[in-house]
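The values are calculated or read from the model by the stated rules, or taken from the named source; none is laboratory data. Since the structure is predicted, the reported quantities are computational estimates derived from the model, not experimental observations. When we count neighbours, we look across all protein chains shown, and the Cβ atoms used for this are built from the backbone with ideal geometry, even at glycine. We work out accessible area using only protein heavy atoms, side chains counted, and drop any ligands, DNA or RNA first. Shrake-Rupley method; radii C 1.70, N 1.55, O 1.52, S 1.80 Å.
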Amino acid sequence: MDYFKICRPYDSEALFMLRKIIRIPSLYDASTIKEGQPFGENIFLAMREMASLALRYGFEVDYCNGYALEISYGHGDRLINIYAHIDVVPVSEKWIHKPFDLSVEKGKMYGRGVSDDKGPLMASFYAIKALKDNGLIKNYRVKLVIGGDEERGSSCLEYYFKTLKKEQATYAFTPDSDFPLIYGEKGITSFDAFFDIKLEKVQHINGGLVYNAVNDLTTIIMEKDEGFVNYLLQNKVNFTKNEVDNDLVELKFIGVSAHGASPQKGKNAALIFLKHYGHYFHNERIYELATKLIETSGKLFDGYYKSKELKGTTYCVGLIDYDNDKLKLGINVRYPENVDVITLVNNFKEKFACRISDYENGQALLFSKKSPLVKTLLKAYRLETGDHSKPFTIGGGTYSKHALNCVAFGATFPGDDTNMHGDDEWYLERDYYRLISIYAHAIHALGKLK
């Protein structure tokens, strides 16, 4: 079967619909939550756009009370599921391109969600449509399950299975990570760490958008201190200063965002401030806290754990808040299968003498590389691309942890860094079209498995 050939007629429409869906800023919005739209209006509107597209082409649709959108087709005992998500992470002020208006420049598509996860979602839809239109969905069923809350912890898929009691798939994949395939994922937990500590001259600190992204902008309101400002300038710290009134100044510390799975790739604005503040004002506790957390592995406070398959821990400070002598840091931790979350969190609590909020046990995931699911998906990828890269494990968390018989399969190609969760997120246009062929091949091959 020439999957590349049967998928090419859908390219132009797939690009048109991707542009249409990216224009909907499908961010979680507590202010517009109501019955039928548990994550806010824009996420619901994006789901409705996908539902309208699916109904137009003869698919069955279930809104799942707004938690997820289920698009299905076919008959048979075997069920192939694709888990994608339509919610996106917030954007910073540093985008060059308009984040919610897809643009294409020199073969690159720019827009929030183009790689995570609206582009792969749309490619999956047109892969299923190509199979349907060519009579290749026989004796099996396919469901594209589109979640609305993946970026905040996947409550959407939890509701889909635990509350709605939806059927688990015979085989499944999520197009929300990297090629060629992810057979293992670290455990993930997030928590708030609370410190009772007085920061001289500081009135308020606020920074960060989510737990699972490196804090790239932190704002401080503090009493004027030209000595501190001069110290920052001498040390070439990236910050801005604005007068608030005769006594107060606003300092904005600027870092570089990165995904919570690889915080070492970013520059943490919150920790940069705390480190320099602690050094200048001789606050040893703050200086030590910042210094140990800037090194993201946990090695500097004996919080490092590793295994052969899932490698080592990472600690990401995503959020910061300070008022009335109380500092709060929002921490996201990725850890291998040989450490339990209780041990990890208690160690953090002891080493930093802080209080810890509630946290979840996001257990690690490992598949055999010889399993039929892994072997079939790898074969489909290699036949469509000619690339024989080896599957690997990641620190990121995908829907695979919330569903049975599921691995992450694409959509970032080897060697690419699409700025997922960062500024000017991108994806190559030619790879977007190639993605449709890969997923059509993979779904059809899984559907034929005994």
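Restricting the search to the range 53-66, which residues are more than 10 Å from K129 (Cβ to Cβ) and either open to solvent by less than 60 Å² (accessible area, probe 1.4 Å) or touching a strand residue (DSSP E or B) at 6+ places or on another chain (Cβ under 9 Å) (or both)? Don't jump to the end; show me each part of the working.
Keep residues of the range 53-66 that are more than 10 Å from K129 (Cβ to Cβ), which gives 55-56, 60-66.
Within the range 53-66, L55, E60, V61, D62, Y63, C64, G66 meet the criteria.
From the residues in the range 225-282 that are among the polar types (S, T, N, Q) and in a strand (DSSP E or B), which one is farthest from N419 (Cα to Cα)? Lay out the reasoning, then the answer.
Keep residues of the range 225-282 that are among the polar types (S, T, N, Q), which gives 230, 234-235, 238, 240, 242, 246, 257, 262, 264, 268.
From the residues that got through so far, the ones that are in a strand (DSSP E or B) too are 240, 242.
Details: T240: 24, N242: 30 Å.
In this case the residue turns out to be N242.
How many residues are among the small types (G, A, S), within 13 Å of A169 (Cβ to Cβ) and in a loop (DSSP other than H, G, I, E, B) when one looks only at the range 388-404? Before the answer, list the steps.
First, pick out the residues of the range 388-404 that are among the small types (G, A, S): 389, 395-397, 400, 403.
So of that shortlist, the ones also within 13 Å of A169 (Cβ to Cβ) come out as 400, 403.
When the remaining residues are screened for being in a loop (DSSP other than H, G, I, E, B), the result is 403.
Within the range 388-404, residues that are among the small types (G, A, S), within 13 Å of A169 (Cβ to Cβ) and in a loop (DSSP other than H, G, I, E, B) number 1.
Taking G298 as meeting all but one of (1) on the phi > 0 side of the Ramachandran plot; (2) open to solvent by 20 Å² or more (accessible area, probe 1.4 Å), write down the number of the exception.
Of everything listed in (1) on the phi > 0 side of the Ramachandran plot; (2) open to solvent by 20 Å² or more (accessible area, probe 1.4 Å), G298 misses just condition (2).
If I ask for residues that are surrounded by fewer than 24 Cβ atoms within 10 Å (Cβ to Cβ) and within 18 Å of K106 (Cα to Cα), which ones from the range 427-450 would you list?
Passing the criteria: L428, E429, R430, D431, Y432, Y433, R434.
Can you run down the residue pairs with Cβ atoms below 6 Å, 6 or more apart or on separate chains, where the first is in the range 29-54 and at positive phi and the partner is of a type outside the set (S, T, Y) and open to solvent by 20 Å² or more (accessible area, probe 1.4 Å)?
Filtered contacts from the range 29-54: G40/D29; G40/I33.
Select, from V374, V407, the only residue that is closer than 25 Å to L79 by Cα, touching a Phe, Trp or Tyr at 6+ places or on another chain (Cβ under 7 Å), assigned to a strand (DSSP E or B) and touching a residue at least 24 places away in the same chain (Cβ under 8 Å).
Going through V374, V407 in turn, just one is closer than 25 Å to L79 by Cα, touching a Phe, Trp or Tyr at 6+ places or on another chain (Cβ under 7 Å), assigned to a strand (DSSP E or B) and touching a residue at least 24 places away in the same chain (Cβ under 8 Å): V407.
Output the residues belonging to the range 79-96 that are buried (at least 24 other Cβ atoms within 10 Å of the Cβ) and in contact with a Pro (Cβ under 7 Å, 6 or more places away or on another chain). If you could, list the steps in order and put the result at the bottom.
At the first step, the residues of the range 79-96 found to be buried (at least 24 other Cβ atoms within 10 Å of the Cβ) are 80-88.
Scanning the range 79-96 gives I82, A84.
List, please: which pairs have Cβ atoms under 8 Å, are six or more places apart or on different chains, and start with a residue in the range 287-308 that is more than 17 Å from N346 (Cα to Cα) and outside any helix (DSSP H, G or I) and end with one that is of a type in the set (D, E) and at pLDDT below 95?
Once the first residue is more than 17 Å from N346 (Cα to Cα) and outside any helix (DSSP H, G or I) and sits in the range 287-308, its partners that are of a type in the set (D, E) and at pLDDT below 95 give S307/E337.
State which residue pairs qualify: first residue at positive phi and inside the range 145-158, second residue assigned to a helix (DSSP H, G or I) and surrounded by fewer than 24 Cβ atoms within 10 Å (Cβ to Cβ) in any location, beta carbons under 7 Å apart, and separation of 6 or more residues or different chains.
Listed pairs, sorted by first residue: S154/H402.
Does the range 434-442 contain any residue that is among the hydroxyl-bearing types (S, T, Y), more than 24 Å from L15 (Cα to Cα), touching a helix residue (DSSP H, G or I) at 6+ places or on another chain (Cβ under 6 Å) and at pLDDT 95 or above? Steps first, answer last, please.
Within the range 434-442, the subset among the hydroxyl-bearing types (S, T, Y) is 437, 439.
From the residues that got through so far, the ones that are more than 24 Å from L15 (Cα to Cα) too are none.
No; the residues of the range 434-442 include none that is among the hydroxyl-bearing types (S, T, Y), more than 24 Å from L15 (Cα to Cα), touching a helix residue (DSSP H, G or I) at 6+ places or on another chain (Cβ under 6 Å) and at pLDDT 95 or above.
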